[in-house]
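The structure under discussion appears below in the form of structure tokens.
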Amino acid sequence: MQSLDAMYGDIVVLGCGNILFGDDGFGSYVAEYLQNSDALPESVAVINARTSVRGILFDLILSEQKPRKVIVVDAIDANRPPGEVFKITIDELPLNKIDDFTFHQMPTSNLLRELKEYCGVDVIIIAGQIESIPEAVRPGLSEALAGSVPVAAEEVLKLCNRLSERVC
């Protein structure tokens with residue numbers, strides 16, 4: 001994972017997920033792929049947030065210095081074909097992601113809304129449709145979602161390049 005100082009760049013990409021539970025680790029694999037890419041604009045920071053996304057979002061909300069854009073990459077179940085990569089808004093998050101929280105933390109969707117509505121940060125979500133998420137520990141992505149890691153990374157790169165060009 002990059003230094004958390006990186007999250008104060010112009011564009012921050014957060015790869016989310018638990019790599020110990022199959023397809024849930026999709027966002028982390030995409031972040032790793034992007035971190036190994038030479039194609040990222042200088043204004044982009046990629047953080048492999050894994051399961052720490054709530055803490056990072058909370059830090060961003062409280063920080064005086066904020067990025068202009070946050071791109072979240074995560075695995076979801078939206079009843080699409082397994083492996084499909086697509087862009088969604090916070091309002092389109094499936095119910096199981098909206099209520100994705102523990103008793104000690106706010107739902108991730110609430111933090112994303114706070115970042116967007118009250119902090120003025122543009123939030124973009126790139127999602128990968130899961131095939132399944134196991135009940136027990138099973139590292140590694142399904143074949144369908146593993147093949148979508150470069151697809152999602154390319155989508156993120158396209159967004160970052162378009163967004164970076166607007167800054168110049």
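Measuring nothing but protein heavy atoms, the accessible surface of region 51-96 at 1.4 Å probe radius is 48 percent carbon and sulfur. Per residue, the average separation of C-alpha pairs within less than 8 Å and at least 6 apart gives region 1-90 a relative contact order of 40 percent. Compute the FRET efficiency between residue 92 and residue 42 as 1/(1 + (r/R0)^6), taking r as their Cβ-Cβ distance and R0 = 22 Å, and round to the nearest 0.05. Approximately 0.10, to the nearest 0.05.
Among the GluC sites (Glu not before Pro) within region 114-164, those in coil by DSSP and having at most 16 neighbouring Cβ atoms inside 10 Å are 135.
The values are calculated or read from the model by the stated rules, or taken from the named source; none is laboratory data. Since we're looking at a predicted model, the values are computed, not measured. Virtual Cβ from ideal backbone geometry, glycine too; neighbours counted across all protein chains shown. The protein model used for the area step is the full one, side chains on, heavy atoms only, and it has no ligands, DNA or RNA in it. Shrake-Rupley method; radii C 1.70, N 1.55, O 1.52, S 1.80 Å.
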